[in-house]
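The values are calculated or read from the model by the stated rules, or taken from the named source; none is laboratory data. Since the model is a prediction, treat every value here as computed from it, not as a measurement. Note that each Cβ is placed from the backbone with ideal geometry, even for glycine, and that neighbours are counted across all protein chains shown. Please note that ligands, DNA and RNA were not included when accessible areas were found on the heavy atoms of the full protein model with its side chains. Shrake-Rupley method; radii C 1.70, N 1.55, O 1.52, S 1.80 Å.
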Amino acid sequence: MQHIIDRFISYVTIDTESDPNSETTPSSKKQWDLAHKLVDELKAIGMEDVTIDEKAYVMATLPSNVEHEVPVIGFISHFDTTPDFTGANVKPQIIENYDGKDIILNAEQNIILSPSYFKDLLQYKGQTLITTDGTTLLGADDKAGITEIVSAMEFLIKNPEIKHGKIRVGFTPDEEIGRGAHHFDVEKFGADWAYTMDGSQIGELEYENFNAAGAKITFKGKSVHPGYAKGKMINSMLLASKFISKLPKDEVPEATKGYEGFFHVTGITGSIEESTVSLIIRDHSKKVFKKRKDFLHDLTSKFNKKYKKQFGEDIAIIEIKDQYYNMKEKVEPVFHIVSIAERAMKEIGIKPIIKPIRGGTDGCQLSYKGLPCPNIFAGGHNFHGKYEYVPVESMQKAVEVIVKIAALTAEKK
């Protein structure tokens, strides 16, 4: 396990935070640092056809060691970390033989990782945890996945008695800002199907995700001296507030779970003359997803109708852009790829947790680009913040799952 720990720490201590305000790919220059390191490491362990393109997408091949025809499979992870919380100067802490009690991440700032709040901790009692120092995220999303893929490939290379077909691995930038699959060359990758190693707790296996869209509603107003404003002023900030109040109160992230969709207000900016509301729309059902978008259009139309005479033109302008779709539609026709992963977990003593993703991964976009791509656990918890942690034993099990999937895929039918 020490080998996995060392590899993981060597990745997370490299800052790879992506930048949603950048138009380049990768969105931040520092992502190149880990991308180049991965190229060198893949070559060092004996992978073939190791490439990195002008946008930092890394790919490599482990050739087949069987004579019969075997489907080409792939394993994919992203090397950027979220801009939601700083990933600079990550100082991992290793907690050996976790005792089930509070973990002091930062005594000076009184930052504590407690099982009384994060109950999942208790299932890892006796294991080795890697945590933050309370001032940064950890980066297990998705450097745990990268660690697992590289370690599994190294294990297969060192143990040629384990039979497998051709395996392709890919590492992407900018997944955390929704662009990880945008420039992924599926044809060049050349796999029949793949798995993203980007889930959370041990056992997770996902082939369903949200349909997703982003919306921006701009409200116009009229600024008039407040002492003489009666019947004349239109405060766009109050219009924006009224609009938000019309959204279903129980259909928000903090009140939903499982297959339940939501509207999520992500930003408000404004003045009397102009205000903007930004929100995201999520639902697993394509039909309900459309209804949610129609609801926002209808609500905007009602505002325009109400203020048409006073304002003289549309007072609210809405823009909705689809972001990604539910991969279930693309995976179900080839469901054996999920069954192989499920069998792999069971054969090494893991109980599969098959559930929908309340979000998206590179895999959902790749599935629509012609590469069916379910998602497998990487082991981490509490992603995108200072309470993030990963059990080393979960990473070790993820390595074993990758190896077992490779072996099962190569079995003669």
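With springs connecting C-alpha atoms under 10 Å apart, model the chain as a Gaussian network and identify which of Ile76, Ile14, Ile268 has the largest mean-square fluctuation. Maximum among the listed residues: Ile268.
Can you tell me how segment 221-369 classifies by the Cα gyration tensor, rounded, prolate or oblate, using a/c under 1.5 as the rounded cut? Here segment 221-369 falls in the prolate category.
Using a 1.4 Å probe over the heavy atoms of the protein chains, calculate the carbon and sulfur portion of the accessible area of segment 44-115 as a whole percent. Answer for segment 44-115 is 44 percent, counting heavy atoms of protein chains only.
Highest GNM mean-square fluctuation among Lys369, Lys287, Lys397, for the chain modelled with Cα contacts below 10 Å: Lys287. From the Cα gyration tensor of segment 344-413, with a ≥ b ≥ c the square roots of its eigenvalues, which class applies: rounded if a/c is under 1.5, or else prolate if a/b is larger than b/c, or else oblate? It is oblate, given that a/c is not under 1.5 and a/b is not larger than b/c.
Given the chain, what percent of its DSSP beta bridges are antiparallel, to the nearest 5?
75 percent
Sorted largest first by accessible area at a 1.4 angstrom probe radius, with every protein chain in place, the residues Trp32, Trp193 fall in the order Trp32, Trp193.
Each of Val334, Ile272, Gly312 was scored by the projection of its Cα onto the charge dipole of segment 262-343, and the greatest displacement toward the positive side belongs to Val334; charges sit on the C-beta of Lys, Arg, Asp and Glu. In this structure His384 has an accessible area near 60 Å², from a 1.4 Å probe over the protein heavy atoms.
Quick check on the chain: helices-only [θ] at 222 nm, where DSSP H runs of length 4 and up contribute -39,500 (n - 2.57) each and the sum goes over total residues. Nearest 500, please.
On the way: 10 runs with 126 residues, N = 413.
Mean residue ellipticity, 222 nm, calculated: -9500 deg cm²/dmol.
Against the chain, whose longest principal axis comes from its Cα atoms, helix 2-12 is set at around 30 degrees. Counting only Cβ charges, +1 for Lys and Arg and -1 for Asp and Glu, the dipole size of segment 1-92 around its Cα centre is about 320 debye.
Remark on Arg282: its backbone amide H falls under 5 Å from those of Phe262, a criterion applied only to residues 5 or more positions apart or on other chains, H modelled at 1.01 Å from N.
For the residues Lys328, Lys309, Lys158, a GNM of the chain with alpha-carbon springs under 10 Å puts the largest fluctuation on Lys309.
Between the Cα long axis of helix 31-45 and the first principal axis of the chain there is an angle of about 20°, rounded to the nearest 10.
Charged side chains reduced to their Cβ positions (Lys and Arg at +1, Asp and Glu at -1) give segment 314-413 a dipole of some 420 debye around its Cα centre. Residues whose amide H comes within less than 5 Å of that of Phe377, counting only those at least five positions distant or on another chain, are Gly199, Gly203, Glu204 (H built at 1.01 Å from N in the peptide plane). Evaluated with a Cβ-only charge set (Lys, Arg +1; Asp, Glu -1), the chain carries a dipole of roughly 2180 debye about its Cα centre, given to the nearest 20. With every protein chain in place and a 1.4 angstrom probe, the accessible-area ranking of Asp192, Asp198, largest first, reads Asp192, Asp198.
Counting pairs on different chains as well as pairs 8 or more places apart, how many Lys pairs in segment 183-237 have Cα atoms under 21 Å apart?
Working: Lys220/Lys230; Lys220/Lys232; Lys222/Lys230; Lys222/Lys232.
Count of close lysine pairs: 4.
Less than 5 angstrom separates the built amide H of Gly74 from those of Arg168, Trp193, Ala194, Tyr195, all sequence-distant by 5 or more or on a different chain. The order of Asp120, Asp33 by accessible area, most exposed first and with a 1.4 Å probe, is Asp33, Asp120. When a/c is below 1.5 the answer is rounded, else prolate if a/b is larger than b/c, else oblate, so apply that to segment 85-159 with a ≥ b ≥ c taken from the square roots of the Cα gyration tensor eigenvalues. Oblate is the answer for segment 85-159, as a/c is 1.5 or above yet b/c matches or exceeds a/b.
With a 1.4 Å probe and every protein chain left in place, tell me how much accessible area Arg358 has, in Å² to the nearest 10. Arg358 has an accessible surface of roughly 90 Å² with all protein chains in place.
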